[in-house]
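Presented below is the structure to which this report refers.
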Amino acid sequence: MSEPQLDVIAVGNALVDVLSQTDDAFIEKQNKRHGMEKGAMTLIDEARAIDLYTQMPPGIESSGGSAANTMAGFASFGGNGAFIGKVADDDLGKIFQHDLRSLGIKFETQPLIMGAKTGRCLICVTPDAQRTMNTFLGASVELTANDIDEALIANAKITYLEGYLFDRDTAKAAFIHAAETAHAAGHRVALTLSDPFCVDRHRSDFLRLIESHIDILFANEEEIKSLFMQDNFDDAASAVSQHVEIAAMTRSEKGAVIRNGEKTYEIPAALVDEVIDTTGAGDQFAAGFLYGFTSGKDIETCGKLGALAAAEVIGHMGPRPEMLYKDLIAKAA
């Protein structure tokens, strides 16, 4: 079997992010009228996306999507990656496509010609750096098993699946097809749970996917507790180690816990001068860990790379690196 030419290929939502700094009163007002929940992700339709956009203060717009953000960080470390995700044949779709390719990430998924527009995520960042996401998925949910490039999947060391994409049966089928293709080629499959509300909606399906197809699982504390319906983190962490080869679980300022078989690694949070925006913290932790893992680093170093990348991204607005992550590698050694 030939050596894979790609380190990681990600399958996820292709979205453009709009980030704006708001106060808690804005969130409370939107909660009363539209059910916006602070610190969580809410799915919205196009009409609501347009309405909310007009109410949000001026902000920044950039290509986003959880797995795409991870691939941006992965490329910043020097990793060789690709992305599968659905945009529309519109201006935002062209921006998303250009942004990924400009980072050296292979992106060849055919755009949606008719139907929904390119998806977007409207993110309200409050003074405590919490991000509240309102997502119009648009064209991204039109991804099907037919969009899974089997040759690319078979040519990657790790296939990385984004939990946010798991809302439609067609996407679930695409995940399974991607995972089966990767395993048939002798390679690993990773999954990020993405959000506790995703887990609440799809717990049984996630568990079946993890049990049958996942080797590496990424989750934060609330997501892993929700998955196994545990109030205690340690109990949830013990449960997950029975299902996957590696579980990398982030705990905000408490750092991260990584379970690899019977071994447990405690990774301290990296220092950050000021927390500005927590958007992308989990995405960039995954980027650092995946880069380390595909580069042959030990598990502890993989976790340190993840912690350093997460610390960088929460120190500024936006979910993607503002520095070259390759410069962090020496710090993790």
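Things worth noting here:
- Residue list for segment 164-178, restricted to those being under 16 Å from Leu217 (Cα atoms) and over 17 Å from the mean Cα position of the chain (by Cα): Ile176
Yes/no matrix, rows are residues, columns are (1) closer than 27 Å to Ser63 by Cβ; (2) at pLDDT 95 or above:
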{"site": "Gly255", "(1), (2)": "no, yes"}
{"site": "Glu262", "(1), (2)": "no, no"}
{"site": "Pro268", "(1), (2)": "no, yes"}
{"site": "Thr278", "(1), (2)": "yes, no"}
{"site": "Gln284", "(1), (2)": "yes, yes"}
{"site": "Ala287", "(1), (2)": "yes, yes"}
{"site": "Asp298", "(1), (2)": "no, yes"}
{"site": "Lys304", "(1), (2)": "no, yes"}
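- Restricting segment 1-32 to residues that are within 29 Å of Phe293 (Cβ to Cβ) and over 19 Å from the mean Cα position of the chain (by Cα) leaves a set whose member that is modelled with the lowest pLDDT is Met1.
- Helices (runs of 4 or more DSSP H) contained in segment 79-192 and holding at least 3 residues farther than 30 Å from Thr22 by Cα: 150-154, 169-184
- Looking only at segment 77-115, and only at residues there that are crowded, with 18+ Cβ neighbours inside 10 Å and of a type in the set (Gly, Ala, Ser), the one that is nearest to Asp147 (Cα to Cα): Gly85
- Per the conditions (1) part of a loop (DSSP other than H, G, I, E, B); (2) of a type outside the set (Phe, Trp, Tyr); (3) touching a residue at least 60 places away in the same chain (Cβ under 8 Å), the sole criterion not satisfied by Val244 is (3).
- Among the residues of segment 296-322, those that are in a loop (DSSP other than H, G, I, E, B) and without any contact (Cβ under 8 Å) to a residue 60 or more places away in the chain comprise Gly296, Lys297, Asp298, Gly315, His316, Glu322.
- Residues in segment 60-76 that are farther than 18 Å from Gly138 by Cβ and in contact (Cβ under 8 Å) with a residue 60 or more places away in the chain were compared, and the one that is surrounded by the most Cβ atoms within 10 Å (Cβ to Cβ) is Thr70.
One line per residue, one yes/no per condition, for (1) surrounded by 24 or more Cβ atoms within 10 Å (Cβ to Cβ); (2) not basic (Lys, Arg):
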| residue | (1), (2) |
| --- | --- |
| Asp147 | no, yes |
| Ala151 | no, yes |
| Ala154 | no, yes |
| Lys157 | no, no |
| Ala179 | yes, yes |
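- Number of the exception - Met133 against (1) under 15 Å from Met41 (Cα atoms); (2) aliphatic (A, V, I, L, M); (3) touching a helix residue (DSSP H, G or I) at 6+ places or on another chain (Cβ under 9 Å): (3)
- Ser238 assigned to a helix (DSSP H, G or I), modelled with pLDDT under 95 and more than 22 Å from Asp169 (Cα to Cα): yes
The values are calculated or read from the model by the stated rules, or taken from the named source; none is laboratory data. As the structure is a computational prediction, the values presented were derived from the model and not from experiment. FYI the Cβ positions are ideal-geometry reconstructions off the backbone, even for glycines, and counts take in every protein chain you see.
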